[in-house]
1. Do we have any residue at all in the stretch 298-307 that's touching a residue at least 24 places away in the same chain (Cβ under 8 Å) and closer than 28 Å to Gly217 by Cα?
2. Out of all the residues in the stretch 244-282, which are within 30 Å of Val145 (Cβ to Cβ) and surrounded by 15 or more Cβ atoms within 10 Å (Cβ to Cβ)?
3. Only one of Leu79, Leu70 is modelled with pLDDT of 85 or more and surrounded by 12 or more Cβ atoms within 10 Å (Cβ to Cβ); which?
4. Listed residues Leu105, Leu59, Leu75; which is part of a helix (DSSP H, G or I), closer than 21 Å to Leu31 by Cα and within 37 Å of the chain's Cα centre (by Cα)?
5. Tally the residues that are charged (D, E, K, R) and either at pLDDT 85 or above or surrounded by 12 or more Cβ atoms within 10 Å (Cβ to Cβ) (or both), restricting the search to the stretch 330-356.
6. Are there any pairs, at least 6 apart or on different chains, whose C-beta atoms fall under 6 Å, with the first in the stretch 73-87 and in the same structural domain as Leu23 (by the TED database) and over 10 Å from Leu22 (Cα atoms) and the second open to solvent by 70 Å² or more (accessible area, probe 1.4 Å) and among the hydrophobic types (A, V, I, L, M, F, W, C), and if so, which?
7. For the stretch 222-259, which residues satisfy the criterion of being part of a strand (DSSP E or B) and touching a residue at least 60 places away in the same chain (Cβ under 8 Å)?
8. Looking only at the stretch 190-206, decide whether some residue is open to solvent by 20 Å² or more (accessible area, probe 1.4 Å), under 27 Å from Gln258 (Cβ atoms), of a type outside the set (D, E, K, R) and part of a strand (DSSP E or B).
Amino acid sequence: MKEQFAELLAQFPDGFVVLGVLLGGLALGLLVKWLLFAGLRAYDRREDSAAARSVILHLRRTSTFFFPILAWSVLLPLLPLPPKPFEVLRRVVEFMLILSFAWGLIKTLDVVQDLIQRFYQLESGDNLRARKLFTQLQFVKRVAVGLIGFVAVGLVLMSFATVRRLGTGLLTSAGIASVIVGFAAQRSISNLLAGFQLAFTQPIRLDDVLVVEGEWGRVEEITFTYVVLKIWDERRLVLPLNYFIEKPFQNWTRSSAQLLGTAFLYVDYTVPVDALRTELSRLLADNPLWDQRVCALQVTDSKERTIELRCLMSAANASALFDLRCYVREHMMAFLQANYPESLPRTRALLQDEGTGKNMVVGIK
């Protein structure tokens, strides 16, 4: 048995050396990766580092491929291979190294995003600065990912002589091709340019409250080509980027999330307005949704049978304002029913006594 194994080694000495170098490179790369991430975990336990946790989360899988491939590229000159097989193996390792490095750069962008999100929270009450930053960050990240992928694939393809010759031919006819591509991709290019305009002029931002096409919702996502609006009833309204450049819409959080809201009451002419004004002040003072900026009750219209009262109030954001308006409307009606039921809307009729000829006004609820 030993003699047969020795004969096998004598027949394929180079093959076993190649296998040994490849396995050694794999072991070396995995060892470096394990030591690096063990150090990061120890540093996180000692310092409670958000950066270390983010690197471990996003780059652990990528480094499992990158470090062994890097070790192979370093140990490649040690392989005793003929020129052609060596060149093929070198090309394969080079392609894998480029692609794994590009993958690592893309995941590094996730690490940067995590660190930024740690300091700027969209969930905070006054999040205007965070929404501005996140809108730009999201668009720039997508552009960076696209560029990294494009460059990585381009480097891989341009290493082939056939592709290089093809690229030279395409550059020769670039004038005609650019016109054809321009017409074919006109909408896509306009959307891309609209995306740059939205990202930096920011008529809308992530988490902005908009009224679009009669729908109220928040900006959930901004991509290269469209915007996703999360409507209050959990539906999603998807609109092209050009929509927000070419058409009018309402942005309730453009410079601040604070809003004014109204609740209208229609009551009889006999209503004591001062009493209702006092009750509105009491209701708002007892409600934490009110931000203590605006509280007013005014007679805004008088109709044939009723008068219109407008309860004006303010809140920190649109969601709080909607709940506050419902609260005021409900409790003001309850106050009228309990204390001034005769001031609720009613229809009056004029009756004449046949005996005396006198007129009587009768209220009919």
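1. No - not one qualifying residue is present in the stretch 298-307.
2. Matches in the stretch 244-282: Phe244, Ile245, Asn251, Thr253, Arg254.
3. Details: Leu79 fails: modelled with pLDDT of 85 or more.
Among Leu79, Leu70, only Leu70 is modelled with pLDDT of 85 or more and surrounded by 12 or more Cβ atoms within 10 Å (Cβ to Cβ).
4. Being part of a helix (DSSP H, G or I), closer than 21 Å to Leu31 by Cα and within 37 Å of the chain's Cα centre (by Cα) holds for just one of Leu105, Leu59, Leu75, which is Leu59.
5. The initial filter retains those residues of the stretch 330-356 that are charged (D, E, K, R), namely 330, 342, 346, 348, 353-354.
Okay, now just the ones that are also either at pLDDT 85 or above or surrounded by 12 or more Cβ atoms within 10 Å (Cβ to Cβ) (or both), so 330, 342, 346.
Qualifying residue count for the region: 3.
6. none
7. Restricting attention to the stretch 222-259, the residues satisfying the condition of being part of a strand (DSSP E or B) are 222, 226-231, 236-240, 250-251, 259.
The answer is Ile222, Leu259.
8. Checking the stretch 190-206: not a single residue is open to solvent by 20 Å² or more (accessible area, probe 1.4 Å), under 27 Å from Gln258 (Cβ atoms), of a type outside the set (D, E, K, R) and part of a strand (DSSP E or B).
The values are calculated or read from the model by the stated rules, or taken from the named source; none is laboratory data. Computed from a prediction, not measured in an experiment: that's the story for all the values here. Using ideal geometry, Cβ is built from the backbone for each residue, glycine included, and neighbour counts are taken over all protein chains shown. We work out accessible area using only protein heavy atoms, side chains counted, and drop any ligands, DNA or RNA first. Shrake-Rupley method; radii C 1.70, N 1.55, O 1.52, S 1.80 Å.
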